[in-house]
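Participant: Before I ask anything, here is the structure I am working with.
Since every read-out is calculated from the coordinates, none of them should be taken as a lab result. This is a predicted model, so every value here is computed, not measured. As a convention, Cβ positions derive from the backbone with ideal geometry for all residues, glycine included, and neighbour counts pool all protein chains shown.
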Amino acid sequence: MNAPLQNDVFLRALKRQPIERTPVWMMRQAGRYLPEYRAVRERAGSFMNLCTTPEWACEVTLQPLARYRLDAAILFSDILTIPDAMGLGLEFVEGEGPQFRSPIMSPADVDRLGVPDPETALRYVPDAVRLIRRELDGRVPLIGFSGSPWTLATYMVEGRSSREFRKIKAMLYDAPEVLHRLLATLSKAVSVYLAAQIAAGVDAIMVFDTWGGILTPTQYQTFSLPYAEAALKGIGAPVDERVIPSILFTKGGGQWLSAMADTGYDALGLDWTTDIRAARSEVGDRVALQGNLDPQALYAPIPALKEEVLRIIDRFGHGSGHVFNLGHGVWPDVNPEHVGAMIEAVHEVSPLYHRVIPA
């Protein structure tokens, strides 16, 4: 049984309920910019060992909360755990990032894929969630996550990170029916994976569509958005009847916000290229918004950084429905003191935007 939440401002913001200040957390908030993370990573011996050992995943998940006044923790894991459990053989090469030993190279490879059972092939993830929930003891909500079906497919077909996305785009144009089969399988896998995280105790979920922005508008609405929507709808209601808010983040997706808002997600993540005032005007009260400080602003002098924080909060305006975050993940060489200054600036400035304004 999870302890009652002592700080639920993040969840209330996602539900667009009245709040006293803007909540703040950060994508990649547990990561290489923290010296304590690097120490645990060295002890673990490899990134995969760090991800697949619940005790270490728990430790690094909690590290940022010891430093900063954050309003949520996010499960420490990787978006590529699902394809690894499908048998593609994930490995992280120093200086090169993630690679698959057995990428998707043919229609037969797609047809061989099955939906992994999270309590067997991915058992370390729900185990980590259960451990983190116990150690959090209700301090803040815990966010679970997955890569979107489209983003997972890009890595599985390319075999690694890519700049050109030639292989996945070739499949999209030459064999769209094969790509649709792959995405359908991934959509089911994401649903099952997120449902397992919810059953283990996460309080909110987020789907990272990191590479949706490489698509044309027609391609996005054909190969990315409908599968992200299906993944959410496939989760079903938690057995304990909790309300689990959901966030969809498409990097480069600012032009599709209205369509994204119709998918059923409670909130949309914005990257730094989208004006948050324009986004709020477009989506209205259909969804909350998360973001969207340029991650590079964390390199700025602290007074300039605080000005950027104020600018974003002011651009969103008064009222609930905003979760402050970066427009993408924090970079590894950012000064942790600047991260702290950003978080404190949100705490200092945002209450002004949640006071009841007399008529």
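Participant: Sticking with the crude label model, points 7 Å out along Cα→Cβ, report the distance from GLU20 to ARG43 in nm, one decimal please.
Facilitator: So the label points at GLU20 and ARG43 sit 3.6 nm apart.
Participant: What is the angle, in °, between the Cα long axis of helix 54-67 and the longest principal axis of the Cα atoms in the chain? Nearest 10 is fine, range 0 to 90.
Facilitator: In the chain, helix 54-67 runs at an angle near 20 degrees to the longest axis.
Participant: Still on this structure, I have one more. Where nothing but the Cβ of Lys and Arg (+1) and of Asp and Glu (-1) is charged, how large is the charge dipole of the chain around its Cα centre, in debye to the nearest 20? Before the final figure, lay out the partial values.
Facilitator: Values: 35 positive and 42 negative charges, 55 e Å.
The dipole magnitude comes to about 260 debye.
Participant: Picking from LEU215, TYR173, ALA184, whose Cα lies most toward the positive end of the charge dipole for segment 115-273 (charges on Cβ: Lys, Arg +1; Asp, Glu -1)?
Facilitator: Farthest towards the positive end: TYR173.
Participant: Report the FRET efficiency, 1/(1 + (r/R0)^6), for MET105 and ALA259, where r is their Cβ-Cβ distance and R0 is 25 Å, rounded to 0.05. Spell out each step's value before the answer.
Facilitator: On the way: r = 32 Å, r/R0 = 1.28.
It comes to 0.20.
Participant: With θ set to phi - 60° and the Karplus curve 6.51 cos²θ - 1.76 cosθ + 1.60, what are the ³J(HN,Hα) couplings of segment 261-271 in order, to the nearest whole Hz, using x for Gly and Pro?
Facilitator: Along segment 261-271, the couplings run 5, 8, 7, x, 5, 7, 8, 10, x, 10, 7 Hz.
Participant: Where does helix 149-158 land angle-wise versus the long Cα axis of the chain, in degrees 0 to 90, nearest 10?
Facilitator: Approximately 50 degrees, to the nearest ten.
Participant: If R₀ is 25 angstrom, what is the calculated FRET efficiency for the pair ASP275 and GLU344, using the beta carbon separation as r and rounding to 0.05? Each step should come with its number before you reach the end.
Facilitator: Working: r = 25 Å, r/R0 = 0.99.
It comes out at approximately 0.50.
Participant: Can you run phi through the Karplus equation (6.51, -1.76, 1.60; θ = phi - 60°) for segment 5-21 and list ³J(HN,Hα) in whole Hz, with x for Gly and Pro?
Facilitator: These are the phi-based 3J(HN,Hα) values: 6, 8, 9, 10, 4, 4, 5, 5, 5, 4, 8, 6, 8, x, 9, 8, 6 Hz.
Participant: Read phi for every residue in segment 72-88 and hand back ³J(HN,Hα) as whole Hz from Karplus 6.51 cos²θ - 1.76 cosθ + 1.60, θ = phi - 60°, with x for Gly and Pro.
Facilitator: Each residue of segment 72-88 in turn: 7, 9, 10, 3, 7, 6, 9, 5, 9, 5, 5, x, 4, 5, 7, x, 7 Hz.
Participant: So which aspartates and glutamates can LYS188 reach, going by Cα to Cα under 19 Å and dropping same-chain residues fewer than 8 places off?
Facilitator: ASP78, ASP84, ASP109, ASP111, ASP117, GLU119, GLU177, ASP209, GLU229
Participant: Once the Cα atoms of helix 35-44 and of the chain are each reduced to a long axis, what angle between those two axes, in degrees from 0 to 90 to the nearest 10, is obtained?
Facilitator: Tilt relative to the chain: about 30 degrees.
Participant: Quick one: among SER46, SER224, SER320, which has the greatest mean-square fluctuation in a GNM of the chain with alpha-carbon springs under 10 angstrom?
Facilitator: Among SER46, SER224, SER320, the largest mean-square fluctuation in the Gaussian network model of the chain belongs to SER46.
Participant: Along its principal axes, what span do the Cα atoms of the chain show, with the longest given first and each in whole Å?
Facilitator: 64, 46, 43
Participant: In addition: Quick one: grab the alpha carbon gyration tensor of segment 36-165, order the square roots of its eigenvalues as a ≥ b ≥ c, and give me rounded if a/c is under 1.5, else prolate or oblate depending on whether a/b is larger than b/c. Mind dumping the intermediate values first?
Facilitator: Working: a/c = 2.14, a/b = 1.75, b/c = 1.22.
Taking the square roots of the gyration eigenvalues as a ≥ b ≥ c, segment 36-165 is prolate.
Participant: Which residue, LEU310, HIS354, GLY329, has the largest displacement toward the positive end of the dipole of segment 293-359 when charges sit on each Cβ (Lys, Arg +1; Asp, Glu -1)?
Facilitator: Of LEU310, HIS354, GLY329, it is HIS354.
Participant: Separate question: Suppose we keep just the DSSP beta bridges with both residues in the chain; what percent of those would be antiparallel, to 5? Don't jump to the answer; show the numbers that get you there.
Facilitator: Details: 5 of 29 bridges.
Just about 15 percent of them are antiparallel.
Participant: Using +1 at the C-beta of Lys and Arg and -1 at the C-beta of Asp and Glu, which of PRO4, PRO103, LEU34 has the Cα lying farthest in the positive direction of the dipole of the chain?
Facilitator: PRO4
Participant: Report relative contact order for the chain in percent, whole number only (criteria: Cα-Cα under 8 Å, sequence separation at least 6). Write out the running numbers ahead of the final one.
Facilitator: Working: 681 pairs, mean separation 79.9, N = 359.
With pairs under 8 Å counted, the relative contact order is 22 percent.
Participant: What is the set of long-range amide H partners of GLY269 at a cut-off below 5 Å, with H atoms built 1.01 Å from backbone N?
Facilitator: Residues meeting the amide H criterion: LEU248, PHE249, THR250, GLN290.
Participant: While we're looking at this one, here's another question. For n ≥ 4 DSSP H runs only, could you compute -39500 (n - 2.57) per run for the chain, divide by its residues and tell me the 222 nm figure to the nearest 500?
Facilitator: Details: 14 runs with 149 residues, N = 359.
Calculated from helices alone, the mean residue ellipticity at 222 nm is -12500 deg cm²/dmol.
Participant: How much of the calculated P(r) for segment 274-359 lies past 19 Å, in percent of all Cα pairs?
Facilitator: Numbers: 1399 of 3655 pairs.
Pairs farther apart than 19 Å: 38 percent.
Participant: Counting other C-beta atoms within 10 Å, and keeping those with at most 12, which DSSP coil GluC sites (Glu not before Pro) do you find in segment 49-147? Write down the numbers at each step before the final one.
Facilitator: Numbers: sites: GLU55, GLU59, GLU91, GLU94, GLU96, GLU119, GLU135; in loops: GLU94, GLU96, GLU119.
Within segment 49-147, the qualifying GluC sites (Glu not before Pro) (loop, at most 12 other Cβ atoms within 10 Å) are GLU94, GLU96.
Participant: Still on this model: Which of the lysines could a cross-linker bridge to LYS15, judged by Cα under 24 Å and excluding same-chain residues fewer than eight apart?
Facilitator: The reachable lysines, counting only those whose Cα sits under 24 Å from LYS15, are LYS233, LYS251.
Participant: I would also like to ask the following. Which longest uninterrupted range of the chain lacks any trypsin sites (Lys or Arg not before Pro) assigned by DSSP to a loop state (not H, G, I, E or B) and surrounded by at most 13 other Cβ atoms within 10 Å? Let's see the in-between values first.
Facilitator: On the way: sites that count: ARG69, ARG101, ARG112, ARG163, ARG242, ARG355.
It works out to 243-354.
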